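The values are calculated or read from the model by the stated rules, or taken from the named source; none is laboratory data. Nothing here was measured: the structure is a model prediction, and the numbers come from that model. Cβ placement follows ideal geometry from the backbone for every residue including glycine, while neighbour counts extend to all protein chains displayed. Ligands, DNA and RNA are stripped out before the accessible areas are found, and what is left, the full protein with its side chains, is counted by its heavy atoms. Shrake-Rupley method; radii C 1.70, N 1.55, O 1.52, S 1.80 Å.
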Amino acid sequence: MPVQGKARVVKAKLVTKATRKPRRGPWPPDPARVRSILEGLEELYPDVDCELDRETPFQLVCATILSAQCTDDRVNLVTPALFKKYPTPEAMAKAPLPKLEALIRTTGFFRQKAKSLKGTAMLIEDNFGGEVPRTLAELVTLPGVARKTAGVVLGTAYGLAENIVVDTHVQRLAMRLGLTRSPDVKKIEQDLMQVIPHGSWIRFSHQIIWHGRRVCFARKPECGSCTLAPFCPSAGLEA
């Protein structure tokens, strides 16, 4: 009598932040589904705004530089003392690096960030008459300012949409929602600019970031309570 072997148990592959890929589907995504996502975000976050505390465009530039690999909450704990002592480009350009470093130490990479803050302040004073520039091309010439930072400043401070800001939350949710064909940040930005109406670029970035911080977490997204789940091809797929 033949001996039967043990039944092979096939475990479902766990989707993690490391193994996640964009959900595949028709491209470009169905405009009606995209519209439903935008309407859902607007209903959830009608009063959305950048969560970095600031009073001027210059202070927003500084706060965004500090937010690299640091939480907004931590940045908001540091900036009151920083801006009280050095509120303008002129004041910060004259700041001794050791004093800047001491004020921002808890944000991480404080030595490089202090150099970026001082260098940015000096360039704004010398090249832009003390005013934060209003174009992406000019903003990215400032130390510590890349496309993401420039996009935040343009959109939040001036209401100008030259690009869609793609941070880690936007990257994660764009892939889960099937709004991109790539995990690469630069390609995600281009995909989103293709499928999101230009008039929604600024609010979309902020709303997606808020949703990523409140519902669509990197680990164990709360799909069961997410009002975007009916329009999300990834809903319920991640444990």
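The mean accessible area for residues of the chain, using a 1.4 Å probe and ignoring ligands and nucleic acids, is 55 Å² per residue. Whole-percent P(r), the stretch 95-239, all Cα pairs, 5 Å bins from 0: 2, 9, 15, 17, 16, 14, 11, 8, 5, 2, 0.
With a 1.4 Å probe and every protein chain kept in, tell me what percent of the accessible surface of the stretch 71-136 is carbon plus sulfur. Of all accessible area on the stretch 71-136, carbon and sulfur atoms account for 56 percent. Against the chain, whose longest principal axis is taken from its Cα atoms, helix 147-158 shows a tilt of about 70°.
Taking 0.36 nm per residue of separation and subtracting the Cα-Cα distance, full extension of the segment from R214 to N76 would add 47.8 nm.
Working ranking of peptides 56-68, 224-236, 174-186 by packing, defined as the average number of other Cβ atoms within 10 Å per residue, highest first, is 56-68, 174-186, 224-236.
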